[in-house]
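Below: one structure, written as structure tokens.
The values are calculated or read from the model by the stated rules, or taken from the named source; none is laboratory data. None of these values were measured; they are calculated from a predicted model. Cβ placement follows ideal geometry from the backbone for every residue including glycine, while neighbour counts extend to all protein chains displayed.
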């Protein structure tokens, strides 16, 4: 916990799953990789589990082991780098808090407080 804002040189945010929802890009990129491999492409709702685990582990579950896993990772990375990364939404809605208390809103408040030297982190 910082008590002296003037000494803060860096602010780190956990974007992935906190301030942005990367799910659509991750799932869409996995679907694209499967499509390019000529495999059946499950609907997005059936691939939600793919968010989080290592890519090779996820593709091994989908394809079995072997060369196809490495090719799938390669295809996924290309798809994610070209399109998937742009499909993240800016904040994850939280039904339990008002929009003014969303993660993105709170991050802006923290940054403003650090900039202005006010408040506590």
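Restricting to the range 71-91, name every residue that is at pLDDT below 95, surrounded by fewer than 16 Cβ atoms within 10 Å (Cβ to Cβ) and in a helix (DSSP H, G or I).
81, 82, 85, 86
State all residues of the range 40-60 that are in a helix (DSSP H, G or I) and over 18 Å from residue 28 (Cβ atoms); if no residue qualifies, say none.
Scanning the range 40-60 gives 56, 57, 60.
In the range 1-38, how many residues are at pLDDT below 95, part of a loop (DSSP other than H, G, I, E, B) and under 21 Å from residue 78 (Cβ atoms)?
The total comes to 1.
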